[in-house]
Structures are given as C-alpha cells and as structure tokens.
Amino acid sequence: MIDHPVLFCLHFLGGSARTWRSLAEQLGPTLRCVAVDLPGFGDEAHLPGGDVAAMADHVAARVQGEAPTGPWLIAGNSMGAKVALALARRHEDGDPGLKGLAGLVLLAGSPPSPEPMAEERRQAMIAWIDADPETRRREAEGFVTANTGAPLRPEDHARTVEDVLRANPQAWKAWLTGGANEDWRGRIGTLSTPALVVSGAEDGDLGPEAQAALTLPHLARHRHAVAPGAGHLLPLERPDGLAALIRDFVAAPPQTAETPELPPAFAALMSSDRVNSRLRATLRARMREPDGPFCLSPEARATLTACLDRVLPQEGAGRIDLARRIDARLASGTGDGWRYASLPPDPQAYARALRTLDAAARATHGRPFVALDGADQDALLDRAASGRLPATSDGIAPELMTCWFEELRGEAVRIWLAHPAGLAAIGFTGIGAGGDEAESLPGYRQTGLNAREPWEAPILETTGDVR
C-alpha cells in the first residue's frame, strides 16, 4: 500500500499536460497528479524536443522541483512511457534525485526497443507536420481519430487536435526519427519497480501483443490489463477505468510477473496482415483477465488455483490465471455445450468437488489442500481421478469426482491453448493462414509432409517446432 502518492504524468507524441485532466479528476484525492509538458509540446513547445535521455532529464528536474515528501509514481502514455522506463532505470541505479519512485503506470507504452511502426506511415507523419495550415489540421484530426478506438468527447477531441497543432515540428520529428527508434533494451534491462501496463484492444502498433512481447520482459513485477474497445490514447479514452486500475495498483502493487509474455516473433505475426481482424480481436480479448462477476468463494478459488498448478504447470515469467477464467465462466452460466448427466450444473459441481478435495486433504494431512506440497497434492488428485477420495456430506460422490476431474483437465487445456501465450508456447502458426482481403489470402503454399513456410521460421526459432 502506497499512502497519498504523487503521480507524475507524461503524455504521448503530440499530447500535453492537458491530456491527463479527466484522469486526474477521477483519481481525486487518491493521488495528486502532476502532469508534465515534455520538451517541444504543450506549454514547452518553444523547446526543440530531444532524445529519450534529454526528456528524462526534463522530467527529473520537475520531480526534484516538486520534491514529493513520500513515495511517487510515473505514468507515461506512449512516448511518455519510454521516458518513464528510462527514469526508472536511473532510479534503480541510485540517482538520488529520483529517490522514492514506487511504481510505473505504462499506458500503450513505447517499448524499450525501437518502436514497431510502418516506415511509410512514419515518413507521412514527418512530412505533414511541416505542411500548410489546412493540411496540418486535416492530418491532426486524422491522427487523433486513428489513435482512438471510438470518438472522443467533442471537447476532448478538439483540445487534443489543438495540442497536436501547437507541437514544435522539430520536437515532433525528433521523436519520430530519434527517440522512438532508440534502442534502450540493454540499458533498461529488467526493472524491479512494480509496473501496471495497460494496452488498448484496438491499438494498432502498441496493442496487447506488442506490450506482452516488447515491454513485459523488462518488468520483473508487472500487471497487464487490456482495455476493450480502446485505442492508443488511453488517458483520454478510459479515464474511469484507468483510475480504478491505478487505485488497485497503488493498494496492492504486483509482487511478481502476473501475466504471461509473448515471444516477439509471435507478437509480430499476430499483428501482421496474415491474421484477419476478427481473429486478432478475439486473440486480444483472450489476453484480458475477466473482471467478474465470479461465483466461487475465495477458499474454493484458492483450492482451484492450487489444483490447476498441478494439472497444468506454467513455466516462465507470468501465467494465465486459469482459475479466474474458469470462475468467471461458471458465473456467466456459459459452457461448452455438454456435461455429464450425473454431475450437477457446473457451478455446483465445481464448488462441491473442490470441497471434496479440500476435505480429503484435511482428513489425510490435517491441512487444507492449498497448504500441501506438490507430491501430496498429486497423490490426492490421483485418488480423485480414480474415484478413491472419501465421501463428504456436502461434496460429490467419489465415483463422480472422476467425471469432474476429467472436465477440469479438459477445460484447463482449452483455456491455455486458446490464449496467445499458449499458442506461442507450442509454436502454432495457424493464425497466419489468412488476412482480410479475400483476393490475396496468403494461406499455406508448402503442403508437403513436415514442410514449413519461410514466414514460420522466426516463430519456430524461438518457440521450437513441437511436431
């Protein structure tokens, strides 16, 4: 828990301190927001801009000027996020002027690596910033619209366009040709500062898969949330939702990597034209942890989590929260269309089966299932699978535990395999079989036994060919 922190807020390319007004209002007294105009933007548009290090110097001076008396955090949107990462590295390296940094909030952040962006679009943005006033306004309007998942409120849209138009063209171009392309991966390394990463499900270049591939690997303690329907300008698009996420983050910063990373090659395939838009939207939605409602008790959820850790261990940094997803599915009343007739409806079956499992652990070992070591948990699950657990009054009959455990294993595997991290782990490239244009669907050309397409190579080099 961080008490009464200050949140320094760094805007996107073309934004300004005004970008954060709505979010600051939503956060209210929870956090005091200090929105900063980066060099070349907003009220600092008289400055020529600079590289990432120069922008970090600018923000560090502001932090020292504010002299927060307690822990403080940095929020960065897009360009601002890369500056925030640089400041976090300086803090962890012992910069006395940045003492007290307690957390990062990275919103559709530009990653430590060069930013993924089509060169043609980069050159177009460099060109129109120096164009005539009419062209600049038209392009600024298009820039704001293209970076949002849905239209902003008219007053926010107008103010954001004006911010883009008052940006110093020199600073605009300096970022597109310099800062965005700077490679900070080696310098950033792995940060221990807790981080909240938020991505927009409708973001083009820096959506959920880009964040999972390019930013999460640099954060030892992170939480990744996906904002459905949102694009790139998250502080303007989702101030309410962001405020809730930030409050939760401040109250309980992540202690580990909570969400799975993606291999960059798989993320690049997922973002490419080889994947049709509907499939990409579905995959991105599967990266979002459900918000609820849920139906299992906290104790039952804990037992389910422990059970799933034995059924389907997840190696590496971050994990798919299978129990949370199953719990949300149970509460929703949905399913895969069938169940054993001898089992009660799924919510009842799960609750009663987990009670049976926990009661067997207490009867055998005098401790709840979650407190047992892996070998003892496995032994109980073996007995569940063979119908040899003892009966309990509010549980499921021993012979029916076999059916429930079979369903549990099937559901766990389905959820894991449906997540992009699961597909990447097995080197599945089938998502790249087609795009949106019916006339030019790429499909597969190599149809021989064990033949692979050239475009599959980068993925298989990192994940391996599991055939």
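The values are calculated or read from the model by the stated rules, or taken from the named source; none is laboratory data. Model, not experiment: these values are computed from the prediction. Every residue, glycine among them, receives a Cβ derived from its backbone with ideal geometry; neighbour counts consider all protein chains shown. Areas reflect the complete protein model, heavy atoms only, side chains present, ligands, DNA and RNA absent. Shrake-Rupley method; radii C 1.70, N 1.55, O 1.52, S 1.80 Å.
Here is how the numbers come out for the structure above:
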| item | result |
| --- | --- |
| Farthest positive-ward along the chain dipole, Cα basis, beta-carbon charges - from M117, P48, L87 | L87 |
| Two-site label geometry, E119 and R362: point separation in nm, points 7 Å out along Cα→Cβ | 6.6 |
| Positive-pole candidate from G292, F369, G241, dipole of the chain, charges at beta carbon | F369 |
| For G200, residues with placed amide H under 5 Å, excluding near neighbours | A108, A227 |
| Only Lys, Arg (+1) and Asp, Glu (-1) charged, at Cβ; the chain dipole about Cα centre in debye | 780 |
| Gyration tensor verdict on segment 306-405 (Cα atoms; rounded if a/c is under 1.5, prolate if a/b is larger than b/c, oblate otherwise) | oblate |
| Solvent-accessible surface (1.4 angstrom probe) belonging to D183, in square angstrom, nearest 10 | 70 |
| Longest to shortest principal axis, alpha-carbon extents of the chain, angstrom | 77, 61, 41 |
| Helix-only mean residue ellipticity at 222 nm for the chain, each DSSP H run of n ≥ 4 adding -39500 (n - 2.57), per residue, nearest 500 | -14000 deg cm²/dmol |
| Gyration tensor verdict on segment 157-246 (Cα atoms; rounded if a/c is under 1.5, prolate if a/b is larger than b/c, oblate otherwise) | oblate |
| Average Cα contact separation per residue, the chain, under 8 Å, 6 or more apart, as relative contact order % | 13 |
| Residues D205 and R137, FRET efficiency given R0 of 22 Å [Cβ-Cβ distance, rounded to 0.05] | 0.40 |
| Pairwise FRET efficiency - A375 versus Q255, Cβ, R0 = 30 Å, nearest 0.05 | 0.70 |
| Candidate residues R274, R409, R414, R122: accessible-area rank, largest first, probe 1.4 Å | R414, R409, R274, R122 |
| Cα-based helix-to-principal-axis angle, 298-311 vs the chain, degrees rounded to 10 | 80 |
| Portion, in percent, of the accessible area of the chain that falls on carbon or sulfur, probe 1.4 Å | 52 |
| S386 accessible area, 1.4 Å probe, all protein chains in place, Å² to nearest 10 | 60 |
| Förster radius 51 Å - calculated FRET efficiency between D240 and N450 (Cβ-Cβ, nearest 0.05) | 0.50 |
| Computed magnitude of the charge dipole of segment 415-467 (debye, nearest 20; Cβ of K, R +1, Cβ of D, E -1) | 240 |
| Under 12 Å, Cβ to Cβ, from D327 - net charge with Lys/Arg +1 and Asp/Glu -1 | -1 |
| T462, T447, T402, ranked by accessible area, largest first (probe 1.4 Å) | T447, T462, T402 |
| Between 0 and 90°, nearest 10: helix 322-332 axis offset from the chain longest Cα axis | 80 |
| Accessible area (Å², per residue) of the chain, counting only protein heavy atoms and a probe of 1.4 Å | 43 |
| Shape of segment 180-317, Cα gyration tensor, a/c cut at 1.5 | rounded |
| Within segment 380-447, GluC sites (Glu not before Pro) in DSSP loop having at most 13 other beta-carbon neighbours inside 10 Å | E437 |
| C33 accessible area, 1.4 Å probe, all protein chains in place, Å² to nearest 10 | 40 |
| Unit Cα scatterers, Debye sum, segment 368-414: log10 I(q)/I(0) for q = 0.15, 0.21, 0.25 Å⁻¹ | -0.41, -0.78, -0.99 |
| Dipole of the chain, positive end: most advanced residue of T160, A385, G142 [Cβ charges, Cα centre] | A385 |
| Charge dipole (debye, nearest 20) of segment 3-107; +1 at Cβ of Lys and Arg, -1 at Cβ of Asp and Glu | 160 |
| Degrees, to the nearest 10: 398-418 long Cα axis against longest axis of the chain | 20 |
| Those residues of segment 261-280 whose amide nitrogen sits under 18 Å from the label point placed on L441, 7 Å along Cα→Cβ | 272-280 |
